[in-house]
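Worksheet: one structure, shown below.
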Amino acid sequence: MSRFRIAALLTISFTALAAAGVSAHHSIQAQFDINKSFTIAGSVAKVEWINPHSYLTLNVKADDGKVEKWAFEMGAAGQLRRTGLSRADRGGLKAGDAVTIKALAARDGSNSGLLQEITTADGRVFKLRPDGTEAQ
Amino acid sequence: MRVLACSRIIAAAGALCLCSAAVVAQEAPRLRTTNAPPKPSGVTPRAAGGHPDLTGVWNALGDNLNGVPNQIANNGVVIESDTSARDLKSGLAIAVFPRNTNRVLNEEQAERAASLLRRSGSNRPVYKPEHWEMIKNFDHNSNEEDPSNNCMPAGIPRGGIPSYIGQFPNYVIFIYPGQGGLIATQTMYRMIPTDGRRHTPLQELDGSYTGEGIGHWEGDTLVVDSWGFTPNTWFDQIGGYAHGENMHVVERFRREGNTLTWTATVEDPDYLLEPWTTTPRVALLNPRADAVLPESLPCSERDLSHIVTKEHH
């Protein structure tokens, strides 16, 4: 059975990773810069619970007064529910809410990011994923 | 020789989170540190005809890994503990060395470790030589080429174990919710007659994602024989494992207590040198008698146009 022999050297720790990891249908680092986060303020356009990733669309007023759309990838429904991003009358977000978003930057330079944290004008904080900035 | 032959040396520095997501409706997922098959418990109910009754919601904590039905097990790696993994086909242990740090790994390291682990299983389809180059290119360019990466159905056998089975005297109903997480698929359903009818001649069928499935019982095992597939599905997320329109799939479902064991054997006279049988998967019955299958989220893929490298799971 030598053709099935596996000499694999795996350094594995099964317990240490935050739940946010290893969950994207694409490779996270193929789309986002895990070492570069940014903060941006705007108003919520919509929150969509969809597969493979939910999305928050943000209206951001540019310096020239025009409104730009920014798209932020989020996790699965279970993560959003645990974070509290459900119905507005249960403390979730609604269109028009002023928020500040911290996200990992898109590597292609587009108006998008991987959402890490949302802070509302009244001080509520939704933490969706760890910093992801502890690269070695 | 095997396409993408068995790993010789895989060095992975990483962490793997084995957590099962959204597996019991409305209940928080539990963290798992093993993907070893669950042990059956309880009695096996019988239907009126004497066969096991497979009816139920089969989405409880079974072989899910990160919300995806055990794709590591599909290639045949069982994670036995924090420090032990094994290749199921050969039975050989995979050397595992504990990390020398307790620092939480970042996502880049974790994803790469998980991907390498998934690729270390030796249970793989064996392709005819004329397809090696194509399969290799599919794997290399999987972000663009994987037909299930963009909200299309996973197909059979990639769909694995249905999350709901309804068993009736002359047919069974299978429902496969659309998935997010590691893959992006839309819902599939199958209505499979078990009334003794024969297949439609293959050349009369339009290719479809689940094919024409016909069921029959072999003892206590439900056997679903399918052909008439579209070639626009793969066997797994990794490997670029494509197939042709003459693919023939035989699935076996066996219920023991609260477990359901599934395997699929794939024959493809155009693509494969020999039949390929998936590593068995085991699902658990939802423990709640009143469980219902929740609606799948609609699938709308928005990321692939922003991918800048070829890295994939």
With θ set to phi - 60°, apply the Karplus curve 6.51 cos²θ - 1.76 cosθ + 1.60 along region A:27-37 and write out the HN-Hα couplings as whole Hz, x wherever there is a Gly or Pro.
6, 4, 6, 6, 10, 10, 8, 6, 9, 9, 10
Can you return the lysines within cross-link range of A:K36? Criterion is Cα-Cα under 30 Å, with same-chain partners fewer than 8 residues away left out.
A:K46, A:K61, A:K66, A:K69, A:K94, A:K102, A:K127, B:K310
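Mean shadow of region B:238-305, computed from the convex hull of its alpha carbons, in nm²? Numbers along the way, then the final one.
Working: hull surface 31.1 nm².
Orientation-averaged projected area of the Cα hull: 7.8 nm².
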So what's the projected area for region B:97-220, the Cα convex hull averaged over all directions, in nm²?
12.4 nm²
Determine the equivalent ellipsoid of region A:53-136 by diagonalising the alpha-carbon gyration tensor, then write out the semi-axes as square roots of 5 times the eigenvalues, largest first, rounded to whole Å.
20, 19, 12
Region B:191-253 - Debye-derived log10 I(q)/I(0), Cα point model, q = 0.13 Å⁻¹:
-0.38
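Sum up the charges of everything whose Cβ sits under 11 Å from the Cβ of A:V47, counting Lys and Arg as +1 and Asp and Glu as -1, but leave A:V47 out. Could you put the intermediate results ahead of the total?
Numbers: positive: A:K46, A:R87, A:K94; negative: A:E48, A:D97.
Once all neighbours under 11 Å are counted, the net charge is +1.
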From the Cα centre of region B:206-258 to that of region B:145-187, the distance in Å is 11 Å
On the first, second and third principal axes, largest extent first, how far apart are the outermost C-alpha atoms of region B:18-306 in Å?
58, 48, 39
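Assigning unit charges at the beta carbon (Lys, Arg +1; Asp, Glu -1) and nothing else, what dipole magnitude in debye, to the nearest 20, does region B:18-306 show about its Cα centre? Intermediate results must be reported in sequence, preceding the final value.
Numbers: 24 positive and 34 negative charges, 213 e Å.
Dipole size: approximately 1020 debye.
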Charge dipole (region B:134-225, unit charges on Cβ, about Cα centre) - positive-most of B:G215, B:Y164, B:Q179
B:Y164
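The numbers here are math on the coordinates, done by the rules we state, and not lab data. On a predicted model such as this, the values are computed, not experimentally measured, just so you know. Virtual Cβ from ideal backbone geometry, glycine too; neighbours counted across all protein chains shown.
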